[in-house]
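A.B. asks: If you scroll down you'll find the structure; I have some questions about it.
The values are calculated or read from the model by the stated rules, or taken from the named source; none is laboratory data. Just so you know, these numbers come straight off a predicted model, no measurement behind them. Cβ placement follows ideal geometry from the backbone for every residue including glycine, while neighbour counts extend to all protein chains displayed.
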Amino acid sequence: MEKLTYTQNFRGLLAYKLARELSQRIFEHTKKFPKEEIFALTDQVRRSSRSIGANIAEAWAKRRYERHFISKLTDADGEQQETQHWLETAVDCHYLTTNEAHQLLALCRRIGQLLGGMINKANQFCNPDNYLRETAVEYFVIREP
């Protein structure tokens, strides 16, 4: 079995890459939503889809603490499920075709699967040997008069 390598930052995570793709695709689709939906459905689906990647990035920053890491990934999964709801609502309102929604929902489900895998294997992501380290910095400097 091939040894997996660790990404150096959250941008290397497939779940993060797909979350960015999803939010961009939703942004493009919602440009054609009616103007009266700007502060309702359009805003909601854009916000929830963008929160998926943001929560993944936060999870990466908190991987020193496994429970915090899992908590943020759970938040990301909640946001992707909320996004699914808004996409289904857009179909109900005839703002998205069934085919358009099917593609976006499949991407949501894939992200959910990846998040579930990360949650189930959190200990591998939270391994202290894989943390990014910064060099020590002198934050307090005593200056002689």
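A.B. asks: Looking at 111, 119, can you tell me which residue is crowded, with 22+ Cβ neighbours inside 10 Å, over 13 Å from residue 26 (Cα atoms) and in contact (Cβ under 8 Å) with a residue 24 or more places away in the chain?
C.D. replies: Result: 111 is the single residue among 111, 119 that is crowded, with 22+ Cβ neighbours inside 10 Å, over 13 Å from residue 26 (Cα atoms) and in contact (Cβ under 8 Å) with a residue 24 or more places away in the chain.
A.B. asks: Applying the selection to segment 33-92, what residues are free of Cβ contacts under 8 Å to residues at least 40 places away in the same chain and of a type in the set (Gly, Ala, Ser)?
C.D. replies: Let us first name the residues in segment 33-92 that are free of Cβ contacts under 8 Å to residues at least 40 places away in the same chain, namely 35-36, 38-40, 42-43, 46-51, 53-55, 58, 62, 67-68, 71-72, 75, 78-79, 81-82, 84-85, 88, 91-92.
Within segment 33-92, 40, 48, 49, 51, 53, 54, 71, 78 qualify.
A.B. asks: Residues being at pLDDT below 95, within 21 Å of the chain's Cα centre (by Cα) and among the basic types (Lys, Arg): count how many of those fall in segment 1-36.
C.D. replies: Number satisfying all stated conditions: 1.
A.B. asks: I'm told residue 8 meets every condition in (1) part of a helix (DSSP H, G or I); (2) out of contact with any Lys or Arg (no Cβ under 6 Å at 6 or more places or on another chain) except one. Can you identify the failing condition by its number?
C.D. replies: Going through the list (1) part of a helix (DSSP H, G or I); (2) out of contact with any Lys or Arg (no Cβ under 6 Å at 6 or more places or on another chain), residue 8 breaks only (1).
A.B. asks: Might you let me know whether segment 37-58 holds any residue that is at pLDDT 95 or above, of a type in the set (Asp, Glu), assigned to a helix (DSSP H, G or I) and in contact with a Lys or Arg (Cβ under 8 Å, 6 or more places away or on another chain)?
C.D. replies: Within segment 37-58 (the criterion being at pLDDT 95 or above, of a type in the set (Asp, Glu), assigned to a helix (DSSP H, G or I) and in contact with a Lys or Arg (Cβ under 8 Å, 6 or more places away or on another chain)), the answer is yes, since at least one residue qualifies.
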